[in-house]
Amino acid sequence: MSGDRVTRAVGLRQVLGPFFERALVPVIVVERDGRLASANDAALTQYGYALDALCQLSIDDLLAVPRTELLDDLEHAYLGDRRPLARRPHRRKDGSVLWVVPAAGPQSLLGETFIVSALQDVTALVSAEERAAFERSRSELLWEGAVERLGSAVALFDADRRIVRMSRIFVEWMKQPESELTGKRCDELFLRLCATQPCVHAVAAAEQRRVVVEIDSARGWPFRVEVFPAPPNDTGVATVHLGHDLREERAMRSRLVAADRLASLGRVAAGVAHEVNNPAAFVTLALPLARDRVNQGRPAEALALIDEAIAATAQITEVMRDLGGVVRDRPRAVVDLSALVQSTLRIASYEAETRARVERVFEAGVTAEVRSTRIAQVLLNLVLNAAQALPEGDAEHHRIEVRTRRAGDQAIIEVSDTGPGVPDSIAARIFEPFFTTRSALGGTGLGLWLSRTIVEEEGGTLTSRNRPEGGAVFMVSLPLHRAEDTRVRASAE
C-alpha cells in the first residue's frame with residue numbers, strides 16, 4: 001500500500017511539472033481527508049522528510065498544536081473558497097516549529113480532486129511579533145513597576161511637544177481624562193511653564209539638557225518640574241516631564257532649617273549671653289547707686305548713672321533685636337543687605353572674634369527682596385564656619401571679612417577667611433547633605449546644604465572658592481532690587 005502511495009506521489013509531481021517540483025515556495029498536495037499525497041522539493045526540504053516518508057503522513061501530523069479548525073480548512077480549500085486561511089504552526093521532522101499561511105485550492109489530477117496548498121513561511125514574522133509583544137509587555141511592566149510607583153507625575157512628549165503618554169498621577173493632577181490630554185501641546189497644559197518663552201520642554205529638547213524649575217500651582221501647591229531629553233529611540237518620544245509635589249519636602253526642609261537655626265544659635269549662645277549679661281549687670285549695679293546718690297543729695301551723679309543704665313538697656317534691646325532678626329521668620333520684603341549683615345555679625349561676633357578680627361566692607365544700596373531671617377541664618381552659618389576653620393588663640397593674625405557689593409543685576413554678600421581653604425579633594429562635595437569633616441565635633445553636614453537650599457529658594461546662588469593667598473571665600477548672590485519707589489526696610493527693624 002505504501003508503495004502505491006509513493007508511486008502516486010511521483011506521478012502527481014510529474015503531472016504538476018517542473019515548475020511545481022523546483023518552485024522555491026513549499027507546496028503540498030493533500031487529499032480531502034487530510035492525507036498527504038505529494039510535495040515539491042521546497043516542501044520536502046522545509047519539513048525534513050523524504051517523499052516516501054511524507055506520503056505516509058496526514059496534515060494532522062504536521063500540525064504543532066492539536067487539530068482545531070483543520071477540517072474546516074480542508075473543506076474551505078476543497079470547495080474553492082478564496083478567503084484567506086489563518087496562519088498555522090507546523091512541525092518539522094526535527095521537532096522545530098514553523099509558521100505557515102496556506103493558500104489552497106482544489107485541482108483535478110490523475111482523475112481525482114486534490115487540494116494543492118502553497119505554504120508561505122511566516123516564521124520570521126511571527127518571531128518578530130512575539131519579540132515585539134514581549135518588549136511591549138516588558139515596557140508595560142517597567143512602566144507599571146517604575147513610573148507608576150514613583151509618586152510623581154510623569155509624561156512623555158514628542159518632538160512637536162505633544163503628550164504621547166502619561167502616568168495615572170499625572171492624569172489625577174491635571175484633572176482631565178487621559179483621552180483629552182493625549183495629543184495636547186505642553187503650552188496648552190502648562191501656561192506658566194510653556195505658554196511664555198522660554199518653554200522648558202523646548203529648551204530641554206533643543207539644548208539636550210535637563211531643565212528644572214519650581215513653581216506654585218494654581219491650587220497653591222509647590223511643585224518641582226524636571227524636563228530632560230529622552231535618549232535616542234524609535235518611539236518618537238523627545239522629552240520626559242516629571243512633576244514632584246514639594247509639600248512634604250518643603251515641610252521637612254522647613255523643619256531642618258528650624259533645627260539648623262537653633263543649632264547655630266546654640267553655637268553663639270555664650271556670646272549672646274555675654275552681650276546681655278554685661279549691660280544687665282551694670283544696670284543692676286547702677287540703679288541702686290543712683291538711688292543712693294539721690295538720697296545723699298547728689299542728683300547730678302544719680303542722673304549720670306541713670307543715663308548709663310539707659311544706654312546699657314538700649315544695648316540689651318539692640319542685641320535682642322538682632323537675635324530676633326535671626327530667630328523669627330519674616331515674610332519676603334526688600335532688605336538692606338548691609339544692615340542685615342551688620343545685625344547678624346553682632347550675634348556672631350563673640351564666637352568669631354575669639355579666632356579672628358572681623359572686618360566689614362559695605363557698599364551702599366545693596367538691596368534684595370528676600371526673607372531676611374533665612375538670609376541671616378545663611379550668613380550666621382558662613383561666619384561661624386569661617387571661625388571654626390581658624391585656630392583658637394591667634395585672633396590677631398587671622399581675619400574674617402564680610403563684604404557687600406553690587407555686581408550688575410546681582411547683590412553680593414561675601415564671607416572670606418584666612419584659614420586653610422577647602423581642599424580640592426572635597427571641594428565638589430561640601431554642599432552635599434550629610435557631608436562633613438567635623439563629625440567628631442558634632443557636625444551634621446547639613447549646614448552648607450541648607451544654606452545653599454535657602455539661597456536658591458530666594459532666587460540666588462551660593463558658591464565657594466579658595467583665595468590665591470590662602471583661605472576660603474563663600475559668595476551669596478541674590479537678584480538686586482532696584483525699585484526706587486520702594487521703601488527699603490533694614491532687617492534689624
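The values are calculated or read from the model by the stated rules, or taken from the named source; none is laboratory data. Computed from a prediction, not measured in an experiment: that's the story for all the values here. No Cβ is skipped: glycine too gets one built from the backbone with ideal geometry, and neighbour counts run over all protein chains shown. Note: areas computed on protein heavy atoms with side chains; ligands, DNA, RNA excluded. Shrake-Rupley method; radii C 1.70, N 1.55, O 1.52, S 1.80 Å.
Spot the failing condition for Ser179; the list is (1) polar (S, T, N, Q); (2) open to solvent by 50 Å² or more (accessible area, probe 1.4 Å); (3) in contact with a helix residue (DSSP H, G or I) (Cβ under 7 Å, 6 or more places away or on another chain), and only one is missed.
(3)
Among the numbered criteria (1) closer than 15 Å to Ile454 by Cβ; (2) polar (S, T, N, Q); (3) out of contact with any Lys or Arg (no Cβ under 7 Å at 6 or more places or on another chain), which one does Gln410 miss?
For Gln410, the failing item is (1).
Ser338: part of a helix (DSSP H, G or I), at pLDDT below 80 and touching a strand residue (DSSP E or B) at 6+ places or on another chain (Cβ under 9 Å), yes or no?
Answer is no for this residue.
Only strands (runs of 3 or more DSSP E) wholly contained in the stretch 89-171 count here; list those with 2 or more residues that are without any contact (Cβ under 8 Å) to a residue 40 or more places away in the chain and open to solvent by 30 Å² or more (accessible area, probe 1.4 Å).
By residue number, 97-109.
Take the residues of the stretch 465-484 that are at pLDDT 90 or above and of a type in the set (Gly, Ala, Ser): which is farthest from Ala389 (Cα to Cα)?
In this case the residue turns out to be Ser477.
Quick check: anything in the stretch 408-425 open to solvent by 20 Å² or more (accessible area, probe 1.4 Å), among the aliphatic types (A, V, I, L, M), at pLDDT below 85 and under 30 Å from the mean Cα position of the chain (by Cα)?
Scanning the stretch 408-425 turns up no residue that is open to solvent by 20 Å² or more (accessible area, probe 1.4 Å), among the aliphatic types (A, V, I, L, M), at pLDDT below 85 and under 30 Å from the mean Cα position of the chain (by Cα).
With the requirement that a residue be in a loop (DSSP other than H, G, I, E, B), touching a Lys or Arg at 6+ places or on another chain (Cβ under 7 Å) and either surrounded by fewer than 18 Cβ atoms within 10 Å (Cβ to Cβ) or among the hydrophobic types (A, V, I, L, M, F, W, C) (or both), what does the stretch 392-407 give you?
First pass over the stretch 392-407, keeping only residues in a loop (DSSP other than H, G, I, E, B): 392-394, 398.
Filter again for touching a Lys or Arg at 6+ places or on another chain (Cβ under 7 Å), leaving 392, 398.
Listed by number, the list holds a single entry, Glu392.
Taking the stretch 355-375 on its own, how many of its residues are in a strand (DSSP E or B) and either among the basic types (Lys, Arg) or open to solvent by 40 Å² or more (accessible area, probe 1.4 Å) (or both)?
5
Taking helices (runs of 4 or more DSSP H) that do not extend beyond the stretch 10-62, which have at least 3 residues that are in contact with a strand residue (DSSP E or B) (Cβ under 9 Å, 6 or more places away or on another chain) and within 20 Å of His76 (Cα to Cα)? Walk me through it before giving the result.
On the way: elements: 41-47, 51-54, 59-62.
Helices (runs of 4 or more DSSP H) meeting the threshold: 59-62.
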